[in-house]
Amino acid sequence: MARLSKSRFVSGSQCHKQLWWRVHESDASELAPDPSQQAIFDQGHLVGARAREQFPGGVLIDGHHGDLAGRVARTQAVLAAGAPAIFEASFFVDDIFVAVDVLERVGPAWTIVEVKSTTSVKAQHLPDGAIQAHVLRRSGLAVEHVEIMHLNRECRFPDLRQLFVRADVTGEVQAMLPAVAREASAQLRMLDGPMPEVAVGPHCETPYACPFRERCWPEMPEHHVSTLYGMGKRVAAFEAQGLMTIHDLPDGLGLSLPAERQRLAVQQNRVVVEASLGDALGAIAYPCAVLDFETVALAIPVWDGCRPYDQVPVQFSCHVVDEQHHVTHHAWLADDARDPRPEMAARVVEACRGAAVVVAYNATFEKTVLRQLAAAVPELAEALADVDARMVDALPLVRNHIYHPDFGGSFSLKAVLPALVPGMGYEGLAIASGGLASQALQRLLFDAHMPPAERAEMREALLQYCAVDTLGVVRILEQLQGYGA
Ligand code: SF4
């Protein structure tokens with residue numbers, strides 16, 4: 001007989017087939033967390049540990065993960081001993097096991113506190129709270145309140161007294177309880193039978209991306225209509241009309257300009273360049289600095305003035321192209337947990353000194369980082385504002401004036417660079433995405449026990465990755481100059 005848990009119930013509420021695989025193929029390769037998911041889990045553990053500090057005298061129910069009976073028995077003993085709060089309080093009833101993040105005693109009754117690393121209550125948190133309330137009440141416990149305890153975006157380091165917000169969701173959970181009981185029984189019955197048939201649909205992405213999409217979703221043909229830029233909801237309408245790939249799309253569909261350019265480029269298998277590209281490139285003056293930041297976003301801030309998940313720059317790369325088109329490179333990468341912003345600000349100002357324009361690809365991000373840096377390092381605020389004022393975004397130069405059939409409907413640097421600059425891209429790099437870079441940066445800064453050889457290797461991989469981001473834009477601009485001539 002299979003059993004349910006909090007996470008299993010939440011999976012099953014999204015899709016029975018997903019839950020069936022999670023239970024019956026629990027060692028499936030799709031279920032191994034990738035580095036980004038692992039980083040989220042790690043942050044979650046830190047947040048959970050920090051949350052417990054808010055409940056003095058709380059008792060942790062630890063022990064082997066698989067020893068459910070032992071954990072339930074220890075919980076009963078701690079309940080009887082009168083603890084004011086219990087962490088990982090464990091209950092098992094009707095084949096459902098739950099471990100409550102914090103069970104807080106309030107007079108003769110109890111409050112379930114579910115700790116989340118988010119900065120608000122999300123709809124998907126409610127079934128999580130509801131299954132706990134269901135199990136605890138079936139166990140005979142007087143649960144009066146259910147709360148979601150999440151991070152507070154308004155809290156700034158060093159004053160972390162208000163790091164958490166406790167939101168009472170008792171009413172919402174109460175309303176769900178009858179359905180929760182039915183759904184839990186349905187899931188348990190389903191798990192005892194063969195794999196259920198469930199059609200694919202929006203539930204494969206919501207509220208969480210299902211790990212089994214590759215098993216269920218048919219392979220898309222090349223240039224499927226879903227790859228058309230910014231199409232979203234029109235994809236289903238195209239498919240309903242039998243228009244499966246971009247090759248099938250006729251004239252006169254009223255597509256956006258980039259999507260229409262994509263349609264022509266794919267159907268004619270050529271690079272489509274607008275006559276306007278030459279004029280648009282007039283915005284690029286020399287010397288030209290190409291700038292890129294990498295950031296970390298810590299759930300629990302550690303630097304002055306920072307809030308949960310503020311993106312703090314800890315690395316930058318800047319390639320400067322002079323009037324003779326000679327290229328020089330500037331880079332900096334923080335190496336420990338000290339506040340990186342003063343040195344970062346000084347080095348960025350220095351790298352961009354004398355540049356007529358400062359180019360970034362998708363510059364909104366770099367502009368936001370520059371403004372946050374200016375607030376953190378007021379003595380360089382004016383110089384950073386000057387960098388900001390010289391900034392030109394290279395992404396619209398591509399999106400609004402050119403389309404290469406290999407872009408695949410995306411104007412991200414990862415899609416555009418290998419298409420416009422053959423031989424240049426991120427393949428073969430040890431770190432090849434912003435998500436991996438952010439995770440590696442967190443380790444580099446905060447894992448004081450990392451072996452020196454691994455640290456050196458990680459630094460090198462990060463420097464290479466960030467350098468490709470900016471040298472790539474330099475090469476893209478060169479290609480655009482060629483197309484726009
Ligand atoms: S891909 Fe969709 S249908 Fe398949 S298991 Fe996941 S959620 Fe269910």
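Given the conditions (1) touching a Ser or Thr at 6+ places or on another chain (Cβ under 6 Å); (2) surrounded by fewer than 21 Cβ atoms within 10 Å (Cβ to Cβ); (3) not charged (D, E, K, R), and given that Gly63 satisfies all but one, which numbered condition is not satisfied?
If we test Gly63 against (1) touching a Ser or Thr at 6+ places or on another chain (Cβ under 6 Å); (2) surrounded by fewer than 21 Cβ atoms within 10 Å (Cβ to Cβ); (3) not charged (D, E, K, R), just (1) comes out false.
Scan segment 144-165 and report the pairs whose first residue is assigned to a strand (DSSP E or B) and whose second residue is among the polar types (S, T, N, Q) and open to solvent by less than 10 Å² (accessible area, probe 1.4 Å), with Cβ atoms within less than 9 Å and a gap of 6+ or a chain change.
If the second residue must be among the polar types (S, T, N, Q) and open to solvent by less than 10 Å² (accessible area, probe 1.4 Å), the pairs left are Glu144/Thr111; His145/Thr111; Val146/Thr111; Val146/Gln132; Glu147/Thr111.
When you go through (1) away from the ligand (no atom under 16 Å from the Cβ); (2) in the same structural domain as Ala133 (by TED's automatic domain parsing); (3) in a loop (DSSP other than H, G, I, E, B) one by one for Ser26, which number turns out not to apply?
The number of the failed condition is (1).
So Glu427 fits all but one of (1) within 30 Å of Val272 (Cβ to Cβ); (2) touching a Leu at 6+ places or on another chain (Cβ under 8 Å); what number is the exception?
(2)
Residues are listed down the side, and each one gets a yes or a no for (1) exposed (fewer than 13 other Cβ atoms within 10 Å of the Cβ); (2) of a type in the set (A, V, I, L, M, F, W, C); (3) free of Cβ contacts under 8 Å to residues at least 40 places away in the same chain:
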{"residue": "Leu4", "(1), (2), (3)": "no, yes, no"}
{"residue": "Arg8", "(1), (2), (3)": "no, no, no"}
{"residue": "Lys17", "(1), (2), (3)": "no, no, no"}
{"residue": "Asp27", "(1), (2), (3)": "yes, no, yes"}
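Tally time: how many residues in segment 442-482 are polar (S, T, N, Q), at pLDDT below 95 and open to solvent by less than 50 Å² (accessible area, probe 1.4 Å)?
1
Considering only residues that are without any contact (Cβ under 8 Å) to a residue 60 or more places away in the chain and either more than 19 Å from Gln37 (Cβ to Cβ) or within 14 Å of the chain's Cα centre (by Cα) (or both), which ones fall in segment 431-447? Talk me through it step by step, then tell me what you get.
Taking segment 431-447 and keeping what is without any contact (Cβ under 8 Å) to a residue 60 or more places away in the chain, we get 431-433, 440, 443, 447.
Answer for segment 431-447, where residues must be without any contact (Cβ under 8 Å) to a residue 60 or more places away in the chain and either more than 19 Å from Gln37 (Cβ to Cβ) or within 14 Å of the chain's Cα centre (by Cα) (or both): just Ser433.
Return a yes/no flag: does segment 365-382 have any residue that is closer than 27 Å to Thr227 by Cβ, among the aromatic types (Phe, Trp, Tyr), not in a loop (DSSP other than H, G, I, E, B) and not assigned by TED's automatic domain parsing to the domain that holds Arg156.
Checked segment 365-382: at least one residue is closer than 27 Å to Thr227 by Cβ, among the aromatic types (Phe, Trp, Tyr), not in a loop (DSSP other than H, G, I, E, B) and not assigned by TED's automatic domain parsing to the domain that holds Arg156.
Of the residues in segment 284-319, how many are of a type in the set (S, T, N, Q) and modelled with pLDDT under 95?
2
As an exercise: evaluate Pro218 against (1) of a type outside the set (Val, Ile, Thr); (2) away from the ligand (no atom under 16 Å from the Cβ); (3) without any contact (Cβ under 8 Å) to a residue 40 or more places away in the chain; (4) in a loop (DSSP other than H, G, I, E, B) and give the number of the one condition it does not meet.
Of everything listed in (1) of a type outside the set (Val, Ile, Thr); (2) away from the ligand (no atom under 16 Å from the Cβ); (3) without any contact (Cβ under 8 Å) to a residue 40 or more places away in the chain; (4) in a loop (DSSP other than H, G, I, E, B), Pro218 misses just condition (2).
Does segment 116-141 hold any residues that are buried (at least 23 other Cβ atoms within 10 Å of the Cβ) and among the β-branched types (Val, Ile, Thr), and which are they?
Correct list: Ile131, Val135.
When you scan segment 11-32, how many residues do you find that are within 28 Å of Ala179 (Cα to Cα) and under 21 Å from the mean Cα position of the chain (by Cα)?
Of the residues in segment 11-32, 3 are within 28 Å of Ala179 (Cα to Cα) and under 21 Å from the mean Cα position of the chain (by Cα).
The values are calculated or read from the model by the stated rules, or taken from the named source; none is laboratory data. Computed from a predicted structure; not experimentally measured. Counting neighbours? That spans all protein chains shown, and the Cβs are built from the backbone with ideal geometry, glycine included. Side chains included, ligands, DNA and RNA excluded: accessible areas come from the protein's heavy atoms. Shrake-Rupley method; radii C 1.70, N 1.55, O 1.52, S 1.80 Å.
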